[in-house]
Amino acid sequence: MQTLHVNVAGGAYPIYIGAGTVASHLPALVARTAQDLVVIVTNETLLRLYPQTLLPALREVPVRVETEVLPDGEPYKTLHTLTAIYDRLMRLHANRKTALIAFGGGVVGDVAGFAAATFMRGLPILQVPTTLLAQVDSSVGGKTAVNHRLGKNAIGAFKQPSGVVIDLDFLRTLPEREVRAGLFELIKHAIIRDRALFDDLEAQAARLVVRPAAGNWAFWEDALHRSVRVKVQVVQEDEREEHIRAILNFGHTLGHLIETHTGYTACLHGEAVGIGMIFAAFASREWGLLPGADFARIQGVLRPLVTPIAVPPLDEEAFAALVLHDKKAAQRAVKFIVLNGLGQAAIREQTTPAELWPLFQRFLAEVPGVLRVSGR
Ligand SMILES: NC(=O)c1ccc[n+]([C@@H]2O[C@H](COP(=O)([O-])OP(=O)(O)OC[C@H]3O[C@@H](n4cnc5c(N)ncnc54)[C@H](O)[C@@H]3O)[C@@H](O)[C@H]2O)c1
Ligand SMILES: [Zn+2]
């Protein structure tokens, strides 16, 4: 078992990482956090797979436990779902001594987190992430949100949890594709800030394609611990993403473009980010920032994990609009995250679509078999 500590203006809290941490660490956290009532927010899938996992752990804690079950999926990460949570909390007479537990992937974590940020001006929340993506990324750092019809994560708040319990046991039932999608965000942290972790992941690349299970807990516990540690460091340096936290968006410029342009149905977020990271490393090399040898190594680790994605036709105008997606018309450029070396991400301010377009063309030609643009 590994423990990390987050300490930011928005709160100080522990992160427990290992197999069996729900049984070993959740009860004490709940006892410290909730005084009369704890509401588990989860979804139908988790309830079916783990109907009896949290309840036994909470039996020894002298609080009432209720469960709010959401429908499963990103389409339900909405104000409508949020309202259902508020309704339930009102009916339960929840008050500021009540705590929430988000038990699920990033969708549950984001909605429950936003409910906790806003109900009665803020309730404590514990995150119990059950996907690799949520364990390594979304459960830590305090970003919460729901989607608006016109924009993903458009309505949100910063709300640090009061504790995060990362239990590797849940990964045993996670579909292979979801494991791989989360893996990209895990590797992202190594590429942007931890060269030694990258060295180790590269040396043990064969292990990355074997799902987490008893028998390889030590490898996964170490990888998760070191990856989450990077996220914690970056969040501690810049909780509100005023500057350096933006490096966590490495690979996300092209990643978001792929997700949006395919209508969010063709691929998982992590899969799009995996391709986006190869592109960002490629661009860094083309700009003379990243040594060719480092680019080759990054490509060597990521390429075997990539699921090729086909996107609809794309001309320069559409590309520019997608790159600038949520930017106001006056802003013609974006912050693009580059690498000055393996483990050394930096923000390249004022990067224009006009600069990225020719690089994108070269990327499609020189790194084939990753992204296919129809009509080409
Ligand atoms: N707040 C942040 O900082 C942050 C960061 C990254 C992503 N996100 C958000 O996270 C969301 C994506 O999260 P996700 O990838 O976890 O997706 P998800 O929450 O939709 O989970 C993926 C699928 O796996 C299922 N599942 C969850 N745990 C399981 C388990 N142990 N076994 C079997 N099935 C399981 C879920 O029910 C779902 O069907 C997006 O909405 C994204 O915007 C937030
Ligand atoms: Zn991401």
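Taking V230 as meeting all but one of (1) assigned to a helix (DSSP H, G or I); (2) free of Cβ contacts under 8 Å to residues at least 60 places away in the same chain; (3) away from ligand 2 (no atom under 16 Å from the Cβ); (4) not hydroxyl-bearing (S, T, Y), write down the number of the exception.
Tallying (1) assigned to a helix (DSSP H, G or I); (2) free of Cβ contacts under 8 Å to residues at least 60 places away in the same chain; (3) away from ligand 2 (no atom under 16 Å from the Cβ); (4) not hydroxyl-bearing (S, T, Y), V230 fails exactly one: (3).
Considering each residue of the stretch 162-173, count those that are more than 9 Å from ligand 1 (Cβ to nearest atom) and either among the hydroxyl-bearing types (S, T, Y) or surrounded by fewer than 19 Cβ atoms within 10 Å (Cβ to Cβ) (or both), and give that number.
1
Quick grid of which residues meet (1) free of Cβ contacts under 8 Å to residues at least 24 places away in the same chain; (2) closer than 20 Å to L342 by Cα; (3) in contact with a helix residue (DSSP H, G or I) (Cβ under 8 Å, 6 or more places away or on another chain); (4) in a helix (DSSP H, G or I):
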{"site": "L201", "(1), (2), (3), (4)": "no, yes, yes, yes"}
{"site": "F219", "(1), (2), (3), (4)": "yes, no, yes, yes"}
{"site": "R226", "(1), (2), (3), (4)": "no, yes, yes, yes"}
{"site": "V234", "(1), (2), (3), (4)": "no, yes, yes, yes"}
{"site": "Y264", "(1), (2), (3), (4)": "no, no, yes, no"}
{"site": "E271", "(1), (2), (3), (4)": "no, no, yes, yes"}
{"site": "F279", "(1), (2), (3), (4)": "no, yes, yes, yes"}
{"site": "F282", "(1), (2), (3), (4)": "no, yes, yes, yes"}
{"site": "R285", "(1), (2), (3), (4)": "yes, yes, yes, yes"}
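So which residues in the stretch 288-332 are assigned to a loop (DSSP other than H, G, I, E, B), in contact with a Lys or Arg (Cβ under 8 Å, 6 or more places away or on another chain), under 30 Å from R195 (Cβ atoms) and not β-branched (V, I, T)?
P291, P308
Pick out the one residue from E176, E221 that is under 18 Å from the mean Cα position of the chain (by Cα), surrounded by 15 or more Cβ atoms within 10 Å (Cβ to Cβ) and more than 16 Å from ligand 2 (Cβ to nearest atom).
None of the others qualify; the one that does is E221.
Quick one: how many residues across the stretch 179-202 are within 14 Å of L302 (Cβ to Cβ), away from ligand 2 (no atom under 16 Å from the Cβ) and surrounded by 19 or more Cβ atoms within 10 Å (Cβ to Cβ)?
Qualifying residue count, the stretch 179-202: 2.
Kindly provide the set of residues from the stretch 99-156 that are among the β-branched types (V, I, T), touching a Gly at 6+ places or on another chain (Cβ under 9 Å) and within 7 Å of ligand 1 (Cβ to nearest atom), ordered by number.
Correct list: V107, T130, T131, T144.
Within the stretch 318-353, restricting attention to residues that are touching an Asp or Glu at 6+ places or on another chain (Cβ under 8 Å) and among the small types (G, A, S), which residue is surrounded by the fewest Cβ atoms within 10 Å (Cβ to Cβ)?
G341
Since G263 meets every condition but one in (1) more than 20 Å from E185 (Cβ to Cβ); (2) at pLDDT 95 or above, which condition does it not meet?
Against the list (1) more than 20 Å from E185 (Cβ to Cβ); (2) at pLDDT 95 or above, G263 comes up short only on (2).
Hey, could you check the stretch 110-147 for residues that are free of Cβ contacts under 8 Å to residues at least 40 places away in the same chain and away from ligand 2 (no atom under 16 Å from the Cβ) and say which is surrounded by the fewest Cβ atoms within 10 Å (Cβ to Cβ)?
The residue in question is R121.
Yes/no per residue for (1) within 16 Å of ligand 2 (Cβ to nearest atom); (2) in contact with a strand residue (DSSP E or B) (Cβ under 7 Å, 6 or more places away or on another chain); (3) outside any helix (DSSP H, G or I); (4) of a type in the set (V, I, T):
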| residue | (1), (2), (3), (4) |
| --- | --- |
| I40 | no, yes, yes, yes |
| A57 | no, no, no, no |
| V61 | no, no, yes, yes |
| Y86 | no, no, no, no |
| R96 | no, no, yes, no |
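The values are calculated or read from the model by the stated rules, or taken from the named source; none is laboratory data. Everything numeric in this text was worked out from a predicted model, so none of it was measured. In this analysis, Cβ positions are derived from the backbone assuming ideal geometry, glycine residues included, and neighbour counts consider all displayed protein chains.
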